[in-house]
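The values are calculated or read from the model by the stated rules, or taken from the named source; none is laboratory data. What you see is a predicted model; the values in this text were computed from it and never measured. Here the Cβ positions follow ideal geometry from the backbone for every residue, glycine too, while neighbour counts run over all protein chains shown.
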Amino acid sequence: MSTPSETAPADQDALQTEQRTAAVVYNPVKVHLPTLKQTVEKHQQEAGWAETLWFETTEEDPGGGMARAALEAGADVVAAAGGDGTVRAVAEVVHGSDASLALLPSGTGNLLARNMKLPLDDLGGMAKAIFSGNDRSIDFGQIGVERPDGSRDEFGFLVMAGLGLDARMLANTRPGLKKRVGWLAYLDSLFRSVRDTDGFEFKYRLDESARNGSVRAHSVIVGNCGMLQANAMLLPDAEIDDGVFDIVVMRPRGFFGWVRIGARVFWENAILRWFHRSSLGNTVVGRRITTAAKQERPLRYMRGEEFVLRLTKPDEFEIDGDPVGEIVAFRAQIDAGSLDVRVPVIEPHTGRGRKK
């Protein structure tokens, strides 16, 4: 018979192998590292997880290489601490793996966290979710682009990918102004970009057996979720876990067409989203109102699982707020429910996260 002293080492080894591991991929420009480490390590110790792994992004690599290193080291959860670019780079790698993505929001946009209604100013709550949160499966967008020289690139996206004015606006954003005033810098860029009245022509195919067409527009956006900064609702029907993406084609006529789009995005779409989700939206009158709103001329909405577009001439493209240069064509596909995101546990009947 074995004595207790003889079995203790084996029991200890079993305990060690059962410990789970988290990794944090952080942008040193966006976070205050001492505070971040102190907060994460506090919740790691309380949960009994192994020591957290830390990976710093660089200008050359916004997080993809670090996320791969984290998975190779055995991380069960990889947290992205930075802006939208860091989150997208980490998600591209974590997507489709056995690990989960956690968010430690920082930076200008935090669009994924906003659309998932996660707290942007509760570092403790989001750090705790790494170790004791629930996994929520969301859709992941995949885009292949063709460059003017014929070369091709592959990207993933979580929020939106845009062509035309949307991408020109980001390309024209002044970096110094963005550092000083955050997302308001995009308004400065918008007013400068909107003077470019040149639209573009393109051909498209939506799904294999769905519609095809040729259109002239000023902007085309494919979205996995619908909210922008300042709570602007661009895609009122978009859901992050419905297995399809939503597409909007902007084709205003003159200045007042842009005014109409602005009113729709900053005010009416939020009301339309509420109306659609309410019991009123399921009535005959409600469906007519919703349909009429979607057919408004300056904006055209579509939904699907695959969207292929080819331009008659190159134009700027952006993915989750990052300009990626000029393209002549792209194919967007949705990978339904392929990314697990850690979210805080919600107490029953309260609608609030657990307190520390």
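Out of the residues in segment 219-275 that are polar (S, T, N, Q) and modelled with pLDDT of 75 or more, which is nearest to Leu158 (Cα to Cα)? It would help to see each step written out before you state the result.
Our first condition is that a residue be polar (S, T, N, Q); within segment 219-275, this holds for 219, 224, 229, 231, 269.
Filter once more, so that each one left must be modelled with pLDDT of 75 or more: 219, 224.
Working: Ser219: 19, Asn224: 6 Å.
Of everything passing the filter in segment 219-275, Asn224 is nearest to Leu158 (Cα to Cα).
Against the conditions (1) aliphatic (A, V, I, L, M); (2) modelled with pLDDT under 55; (3) surrounded by 14 or more Cβ atoms within 10 Å (Cβ to Cβ), where does Val285 fall short? Just the number, please.
(3)
Here are the criteria: (1) of a type outside the set (Lys, Arg); (2) surrounded by 20 or more Cβ atoms within 10 Å (Cβ to Cβ); (3) in contact with a helix residue (DSSP H, G or I) (Cβ under 7 Å, 6 or more places away or on another chain); (4) modelled with pLDDT of 95 or more. Tell me which single one Ser132 does not satisfy.
Unmet for Ser132, out of (1) of a type outside the set (Lys, Arg); (2) surrounded by 20 or more Cβ atoms within 10 Å (Cβ to Cβ); (3) in contact with a helix residue (DSSP H, G or I) (Cβ under 7 Å, 6 or more places away or on another chain); (4) modelled with pLDDT of 95 or more: (2).
Please work out which residue is nearest to Ser97 (Cα to Cα), limiting yourself to segment 45-76 and to residues that are touching a residue at least 40 places away in the same chain (Cβ under 8 Å) and not aliphatic (A, V, I, L, M).
By that ranking, first place goes to Asp76.
Output the residues belonging to segment 201-213 that are in a strand (DSSP E or B) and at pLDDT 85 or above.
Of segment 201-213, the ones in a strand (DSSP E or B) are 201-206, 212-213.
Once the filter is applied, which keeps residues that are in a strand (DSSP E or B) and at pLDDT 85 or above, segment 201-213 yields Glu201, Phe202, Lys203, Tyr204, Arg205, Leu206.
Anything in segment 55-80 that is on the phi > 0 side of the Ramachandran plot and crowded, with 21+ Cβ neighbours inside 10 Å? List them, or say none.
The initial filter retains those residues of segment 55-80 that are on the phi > 0 side of the Ramachandran plot, namely 63, 74.
Residue satisfying the conditions is Gly63 alone.
Within segment 310-322, take every residue that is crowded, with 18+ Cβ neighbours inside 10 Å and either more than 16 Å from Gly223 (Cα to Cα) or touching a Leu at 6+ places or on another chain (Cβ under 7 Å) (or both) and give me the one that is modelled with the highest pLDDT.
Looking at residues that are crowded, with 18+ Cβ neighbours inside 10 Å and either more than 16 Å from Gly223 (Cα to Cα) or touching a Leu at 6+ places or on another chain (Cβ under 7 Å) (or both), I get Leu311.
Pull up segment 311-338, narrow it to residues that are part of a strand (DSSP E or B) and touching a helix residue (DSSP H, G or I) at 6+ places or on another chain (Cβ under 6 Å), then point me to the one that is farthest from Arg147 (Cα to Cα). Spell out the reasoning first.
Step one: list which residues in segment 311-338 are part of a strand (DSSP E or B), which gives 311-319, 322-338.
Within this subset, residues satisfying the condition of being touching a helix residue (DSSP H, G or I) at 6+ places or on another chain (Cβ under 6 Å) are 316-318, 322-323.
Numbers: Glu316: 10, Phe317: 10, Glu318: 13, Asp322: 16, Pro323: 14 Å.
The qualifying residue farthest from Arg147 (Cα to Cα) is Asp322.
From Leu163, Leu120, Leu112, which residue is surrounded by 24 or more Cβ atoms within 10 Å (Cβ to Cβ), modelled with pLDDT under 95, among the hydrophobic types (A, V, I, L, M, F, W, C) and assigned by TED's automatic domain parsing to the domain that holds Asp76?
Leu112
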